[in-house]
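Visitor: Shown below is the structure under consideration.
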Amino acid sequence: MNHKLVKLKEWSRTPFVREPTPLIQAANLAHLFDRAPADVLLKMDAESGFGLGGNKARKLEFELAPNRLGGITHVVTCGGGQSNHARLTAAAAARLGLKCVLVLSGDTSPPYRGNAYLDRLFGADIRPVASQDEHEPTMAEVAAEIEAGGGSALVIPLGASTPLGSLSYVRAAAEFVVQLRDHPHPGGTWIFVSASSCGTLAGLALGFTLLERTDVKLVGVSPDIARVEILELTESLAGRAGALLGTQTPLLPGLLHPTDEYIGPGYGIHSDASEAATAVLGRTEGVLLDPAYTAKTAAAMLDWAQGGRVPTGDRMVLWHTGGYPTALAQEGC
């Protein structure tokens, strides 16, 4: 491991992820862009191997580390009705023998499909709220109720997008760099990844900075927030995660390329571009995308490739952060 990442090995974690997650060549997709097979790769955190996969499993390894669980009886977190993070937190709590309370906004009424079904299958208690603004106060109320009943709650913020959770994607950046040895390429590498609560993007940004990978560009694709918010959240989380590793290294200049151009009608709602991207990935590579995150991220990659925003001679990577159950919860599935 790079000497700047040695301290990362000191952090306690609970292994949930089957490492490394696959990095595969997408030759058929590359052909659509008139590019070489090696010019398009898929990093499949969707196949992380726990609770039906996804990027949140990496973050939960650190959030639910053994050194944080002494005396804990309950895990409390929040999200939308089809939250991938909530689903994986419920699965992790079940694995660890803990009770789980999920504070969920949006539609939580039956029939329960996708993540909503899995939350209940994994034994979570659902506390519905009207909006995201009620997440944090309600989690505090739930934690107080648990304490009053003689238990002890560990509260995990939205998406586990904390400095501690972001360390998991510093680790993932190092994993990815090792995998690239099997995919030699003369050009730069443009990684397209979803960016909402920004823990994944922040961890990758810090990781590639510490690894001094000036050849990497990170395109953070928003499903809901403005470009300036992506920058602010990412830089803040990366800075605080760096402090945990004993470094105040500024992010590499030119590393971050956030975009809010692909939000479409709103969070979790397909746009024409994301529907087209879903069809393209399904028909060329047999890869399933979800409407909230990966479909819009893939739409950005396809648009940037076709519009020449990724220079000829560079390669593209779609970092697939998961969401299979959400995709299967759509009408017609």
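Visitor: Give me the residue from the stretch 208-232 that is buried (at least 18 other Cβ atoms within 10 Å of the Cβ) and among the small types (G, A, S) and, out of that set, nearest to D260 (Cα to Cα).
Guide: Restricting to residues being buried (at least 18 other Cβ atoms within 10 Å of the Cβ) and among the small types (G, A, S), the top hit is S222.
Visitor: What are the pairs with Cβ atoms under 7 angstrom where one residue, in the stretch 83-102, is outside the structural domain of A292 (by TED's automatic domain parsing) and without any contact (Cβ under 8 Å) to a residue 40 or more places away in the chain and the other, located anywhere, is surrounded by fewer than 24 Cβ atoms within 10 Å (Cβ to Cβ) and basic (K, R)? Sequence gap at least six, or different chains.
Guide: A93/K99; L102/R127
Visitor: Can you work out which of the residues in the stretch 59-95 that are out of contact with any Ser or Thr (no Cβ under 6 Å at 6 or more places or on another chain), of a type outside the set (S, T, Y) and assigned to a loop (DSSP other than H, G, I, E, B) is farthest from G49 (Cα to Cα)?
Guide: Of everything passing the filter in the stretch 59-95, G70 is farthest from G49 (Cα to Cα).
Visitor: Tell me which residues, restricted to the stretch 22-58, are within 14 Å of the chain's Cα centre (by Cα) and in a helix (DSSP H, G or I).
Guide: Answer for the stretch 22-58, where residues must be within 14 Å of the chain's Cα centre (by Cα) and in a helix (DSSP H, G or I): D45, A46, E47, K56, A57, R58.
Visitor: Out of the residues in the stretch 233-247 meeting the condition of being surrounded by fewer than 14 Cβ atoms within 10 Å (Cβ to Cβ) and part of a helix (DSSP H, G or I), tell me which one is nearest to the chain's Cα centre (by Cα).
Guide: Only one residue fits best here, namely S236.
Visitor: Under 8 Å by Cβ, and 6 or more places apart or on different chains, what pairs join a residue from the stretch 266-282 that is over 16 Å from A46 (Cβ atoms) with one that is β-branched (V, I, T) and modelled with pLDDT under 95?
Guide: Within 8 Å, the pairs are G268/T326.
Visitor: Just the residues that are among the basic types (K, R) and either part of a loop (DSSP other than H, G, I, E, B) or touching a strand residue (DSSP E or B) at 6+ places or on another chain (Cβ under 7 Å) (or both), please, taken from the stretch 1-21.
Guide: Result: R13, R18.
Visitor: Another one. Quick one: count up the residues across the stretch 52-67 that are of a type in the set (G, A, S) and surrounded by fewer than 24 Cβ atoms within 10 Å (Cβ to Cβ).
Guide: Final tally of qualifying residues: 1.
Visitor: If you don't mind, another one. What about Y293, is it at pLDDT 95 or above, closer than 17 Å to C198 by Cβ, in contact with a Lys or Arg (Cβ under 6 Å, 6 or more places away or on another chain) and in the same structural domain as Q179 (by TED's automatic domain parsing)?
Guide: Spelling it out, it is not the case that Y293 is at pLDDT 95 or above, closer than 17 Å to C198 by Cβ, in contact with a Lys or Arg (Cβ under 6 Å, 6 or more places away or on another chain) and in the same structural domain as Q179 (by TED's automatic domain parsing).
Visitor: Please find, within the stretch 274-327, the residue that is surrounded by the most Cβ atoms within 10 Å (Cβ to Cβ) out of those that are more than 22 Å from L201 (Cα to Cα) and of a type in the set (D, E, K, R).
Guide: E285
Visitor: Conditions: (1) outside the structural domain of R95 (by TED's automatic domain parsing); (2) over 19 Å from the mean Cα position of the chain (by Cα); (3) more than 22 Å from A298 (Cα to Cα). E19 meets all but one. Number of the miss?
Guide: (2)
Visitor: Here's a follow-up. May I ask you to list the residues in the stretch 83-113 that are of a type outside the set (S, T, Y) and at pLDDT below 95?
Guide: G106, D107, P110, P111, R113
Visitor: How about the stretch 271-309: which of its residues are within 14 Å of V219 (Cβ to Cβ) and hydroxyl-bearing (S, T, Y)?
Guide: Y293, T294, T297
Visitor: Anything in the stretch 101-125 that is buried (at least 20 other Cβ atoms within 10 Å of the Cβ) and over 18 Å from V142 (Cβ atoms)? List them, or say none.
Guide: Passing the criteria: G114, N115, A116, L118.
Visitor: Right, A153: touching a residue at least 60 places away in the same chain (Cβ under 8 Å) and more than 14 Å from the chain's Cα centre (by Cα) or not?
Guide: yes
Visitor: Here's a check for you: in the stretch 103-128, which residue that is touching a residue at least 40 places away in the same chain (Cβ under 8 Å) and in contact with a helix residue (DSSP H, G or I) (Cβ under 6 Å, 6 or more places away or on another chain) is farthest from G266 (Cα to Cα)?
Guide: F122
Visitor: Separate question: Are there any pairs, at least 6 apart or on different chains, whose C-beta atoms fall under 6 Å, with the first in the stretch 240-262 and of a type in the set (D, E) and the second assigned to a loop (DSSP other than H, G, I, E, B), and if so, which?
Guide: D260/S222; D260/A226
Visitor: Looking at T321, T259 in this structure, which one is among the β-branched types (V, I, T), more than 16 Å from A46 (Cα to Cα) and modelled with pLDDT of 95 or more?
Guide: T259 is the lone residue from the list that is among the β-branched types (V, I, T), more than 16 Å from A46 (Cα to Cα) and modelled with pLDDT of 95 or more.
The values are calculated or read from the model by the stated rules, or taken from the named source; none is laboratory data. Note that the structure is predicted; figures quoted are calculated from it, not measured. Every residue, glycine as well, gets a Cβ built from its backbone with ideal geometry; the counts of neighbours run over all protein chains shown.
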